[in-house]
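Remarks on the structure that follows.
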Amino acid sequence: MMKLTVYAYSGCSTCRNALKWLREHGHTIEEIPIREQPPSAPELKDLIAKSGLEIKKWFNVSGSVYRELGLKDKLPEMKDEEKIALLASNGMLLKRPIVTDGERVTVGFKEEEFQRVWGSGSSF
């Protein structure tokens, strides 16, 4: 299979389930601790573009940091560059896991999406 870079948080059950799924499907994993080493702003900009998702989909809206910062009300007013800088400054704001092979990117863990993108029959 392929080598994947996975930004994950060890305390996150969703991340653990995603990593388990990827390993069971034969992928080699480079796991990066998202809390300590979130993607930089330029890396995030690239990942966001490759994912095809809106920036707001990259926020961990169920996380305590998101709520503590009152981002639900603040995000609509912010420019995209500000949002990216904010995400890059605090890995706990990022929805996780982030999985990439350098070309494709998924955010979060939905088995159907993983099967489509990272399953044994996937290609790009």
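The values are calculated or read from the model by the stated rules, or taken from the named source; none is laboratory data. All values reported here derive from a predicted model rather than from experimental measurement. Heads up, the Cβs are rebuilt from the backbone with ideal geometry, glycines too, and the neighbour counts pull from every protein chain shown. For accessibility, only protein heavy atoms count, side chains too; no ligands or nucleic acids. Shrake-Rupley method; radii C 1.70, N 1.55, O 1.52, S 1.80 Å.
Normalised by residue number, the volume inside the convex hull of the Cα atoms of region 23-66 is 131 Å³ per residue. The label-point distance for Leu53 and Glu113, in a model that sets each label 7 Å from Cα toward Cβ, rounds to 0.4 nm. When both bridge partners sit in the chain, DSSP labels roughly 55% of those beta bridges antiparallel. Element breakdown for region 10-124 at a 1.4 angstrom probe: carbon and sulfur atoms account for 47% of the accessible area. Seen from Ala88, the other residues with C-beta closer than 10 Å to its C-beta sum to a net charge of +1, counting Lys and Arg as +1 and Asp and Glu as -1.
For the chain, averaging the sequence separation of C-alpha pairs within contact (under 8 Å, six or more residues apart) and dividing by the residue count gives a relative contact order of 33 percent. So what's region 64-124 giving for Cα Rg divided by 2.2 N^0.38 Å, two decimals? That works out to 1.41 for region 64-124. With distances taken between every two different alpha-carbon atoms, the chain has a Kirkwood hydrodynamic radius of 14.7 Å.
Protection proxy ranking, highest mean first, for peptides 62-71, 2-11: 2-11, 62-71, where packing is the per-residue count of other beta-carbon atoms within 10 Å, averaged.
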